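Chemist: Sharing a structure below in structure tokens format, with a few things to ask.
The values are calculated or read from the model by the stated rules, or taken from the named source; none is laboratory data. The structure displayed is predicted, hence computed values, not measured ones. Here the Cβ positions follow ideal geometry from the backbone for every residue, glycine too, while neighbour counts run over all protein chains shown. These accessible areas exclude ligands, DNA and RNA; they are computed on the full protein's heavy atoms, side chains included. Shrake-Rupley method; radii C 1.70, N 1.55, O 1.52, S 1.80 Å.
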Amino acid sequence: MKILCIAALLILCGVALTAVGESETLQESTSKPAAQQDDIPRSIADSISGTLQFAEGNFLDVAEAMPENKYSFVPTAGKFDDARSFGEQVKHVACAQFAFFNEFEGKKPPEDCETGGHEPAKTKLELIKYLKDSFDYSNHVLATLTAKNALERVEGRYAGPTTKLGISVVAVWHITDHYGQLVEYLRMNGIVPPMTQKYRLKVR
């Protein structure tokens, strides 16, 4: 009789453990898709804004890393005729961000972003504020990009004609283009770019 009781008890324990295991497996299977869903952008705007903000952050780090007395620096070792100074590069990028997203909104962009635009900013502090303002504006406008309006036509002298999606992609590319140039400006002045300092050989 004792043997039968023990056997019955073991069977009940086995059933209980199996049920718990199945319950945990079910919870994992239902929670994993949700977690994976949160790992990816949920809209066209989000798909671009993550990369845009990453590029903006890297560029801002470079702008802040250069000492103010080096904002007038222009490389001389090599072919740098008519090259922009470090500060002019920063100003150009800020102006271009306003220009691209002015066009996105159907507004008239600045006419002189090649030379930094009409913004009077000159000092490092003023230029970084101008840069931050341009990034705030671009992210605000980009948030309005949807599947419905992504292919709407955009006109303008900066990368136009294109679409709202197209001008948004151009804005990301443009920042990274000038980021690559300013990395060299930093290194020529003995400064390791902040991104490289952070990740070392991982991003070589």
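Chemist: Tell me, yes or no, whether segment 195-204 has at least one residue that is at pLDDT below 95, closer than 13 Å to Glu56 by Cα and surrounded by 14 or more Cβ atoms within 10 Å (Cβ to Cβ).
Modeler: Taking segment 195-204 as the starting set, the residues that turn out to be at pLDDT below 95 are 195-204.
Now drop any that are not closer than 13 Å to Glu56 by Cα, which leaves 195.
After this cut, where a residue has to be surrounded by 14 or more Cβ atoms within 10 Å (Cβ to Cβ) as well, the list is 195.
Yes - at least one qualifying residue is present in segment 195-204.
Chemist: Can you spot a residue in segment 118-131 that is of a type in the set (Lys, Arg) and closer than 25 Å to Ala45 by Cα? Break it down into steps so the answer makes sense when it comes.
Modeler: The first filter runs over segment 118-131 and keeps only residues of a type in the set (Lys, Arg), leaving 122, 124, 129.
Checking the rest, the ones that are also closer than 25 Å to Ala45 by Cα come to 129.
So far as segment 118-131 goes, yes, one or more of its residues are of a type in the set (Lys, Arg) and closer than 25 Å to Ala45 by Cα.
Chemist: Further, regarding this structure: For segment 168-190, how many residues meet the condition of being over 19 Å from Arg84 (Cα atoms) and of a type in the set (S, T, N, Q)?
Modeler: Of the residues in segment 168-190, 1 are over 19 Å from Arg84 (Cα atoms) and of a type in the set (S, T, N, Q).
Chemist: Checking Glu126 against (1) over 23 Å from the mean Cα position of the chain (by Cα); (2) open to solvent by 80 Å² or more (accessible area, probe 1.4 Å); (3) of a type outside the set (Val, Ile, Thr), only one condition comes out false. Which one?
Modeler: In the conditions (1) over 23 Å from the mean Cα position of the chain (by Cα); (2) open to solvent by 80 Å² or more (accessible area, probe 1.4 Å); (3) of a type outside the set (Val, Ile, Thr), Glu126 misses (1) alone.
Chemist: Still on this structure: It is to be established whether one or more residues within segment 141-150 are open to solvent by less than 10 Å² (accessible area, probe 1.4 Å), part of a loop (DSSP other than H, G, I, E, B) and under 17 Å from Gly166 (Cα atoms).
Modeler: yes
Chemist: Could you list all residues from segment 151-162 that are in a loop (DSSP other than H, G, I, E, B) and open to solvent by 70 Å² or more (accessible area, probe 1.4 Å)?
Modeler: Initially, segment 151-162 is screened for residues in a loop (DSSP other than H, G, I, E, B), giving 151-152, 155-161.
Across segment 151-162, the qualifying residues are Leu151, Glu152, Glu155, Arg157, Pro161.
Chemist: Does any residue in segment 163-183 that is among the hydroxyl-bearing types (Ser, Thr, Tyr) come within less than 7 Å, Cβ to Cβ, of a residue that is surrounded by fewer than 16 Cβ atoms within 10 Å (Cβ to Cβ) six or more places away or on a different chain, and which pairs are these?
Modeler: Qualifying pairs under 7 Å: Thr163/Ala150; Thr163/Leu151; Thr163/Glu152; Thr163/Arg153.
Chemist: Count, please, the residues in segment 62-108 that happen to be farther than 17 Å from Val170 by Cα, of a type in the set (D, E, K, R) and part of a helix (DSSP H, G or I).
Modeler: The number of residues fulfilling the criteria is 5.
Chemist: Pull out all pairs, ordered by first then second residue, where Cβ-Cβ is under 7 Å, the residues are six or more apart or on different chains, the first lies in segment 100-116 and is under 15 Å from Asn149 (Cβ atoms), and the second is modelled with pLDDT of 95 or more and charged (D, E, K, R).
Modeler: Here the result reads Glu103/Glu155; Phe104/Lys164, each pair linking segment 100-116 to a residue that is modelled with pLDDT of 95 or more and charged (D, E, K, R).
Chemist: To continue, here is another question. Considering segment 109-140 alone, what residues qualify as being of a type in the set (D, E, K, R) and either assigned to a helix (DSSP H, G or I) or more than 12 Å from Ala99 (Cα to Cα) (or both)?
Modeler: Of everything in segment 109-140, those that are of a type in the set (D, E, K, R) and either assigned to a helix (DSSP H, G or I) or more than 12 Å from Ala99 (Cα to Cα) (or both) turn out to be Glu114, Glu119, Lys122, Lys124, Glu126, Lys129, Lys132, Asp133, Asp136.
Chemist: In segment 171-191, is there at least one residue being among the basic types (Lys, Arg) and either touching a Pro at 6+ places or on another chain (Cβ under 7 Å) or open to solvent by less than 80 Å² (accessible area, probe 1.4 Å) (or both)?
Modeler: no
Chemist: Okay, next question. I'd like the full set of residues that are open to solvent by less than 70 Å² (accessible area, probe 1.4 Å), hydrophobic (A, V, I, L, M, F, W, C) and at pLDDT below 95, limited to segment 75-103.
Modeler: Phe80, Ala83
Chemist: Additional query: Return the residues of segment 36-55 that are touching a residue at least 24 places away in the same chain (Cβ under 8 Å) and either assigned to a helix (DSSP H, G or I) or touching a strand residue (DSSP E or B) at 6+ places or on another chain (Cβ under 9 Å) (or both); say none if nothing qualifies.
Modeler: Once the filter is applied, which keeps residues that are touching a residue at least 24 places away in the same chain (Cβ under 8 Å) and either assigned to a helix (DSSP H, G or I) or touching a strand residue (DSSP E or B) at 6+ places or on another chain (Cβ under 9 Å) (or both), segment 36-55 yields Ile44, Ala45, Ile48, Ser49, Thr51, Leu52, Gln53, Ala55.
Chemist: Only one residue in Ala147, Ala96, Ala143 is small (Gly, Ala, Ser) and in contact with a His (Cβ under 7 Å, 6 or more places away or on another chain). Which one? Explain how you work it out, then say what you get.
Modeler: Values: Ala147 fails: in contact with a His (Cβ under 7 Å, 6 or more places away or on another chain); Ala143 fails: in contact with a His (Cβ under 7 Å, 6 or more places away or on another chain).
Unique residue meeting the criteria: Ala96.
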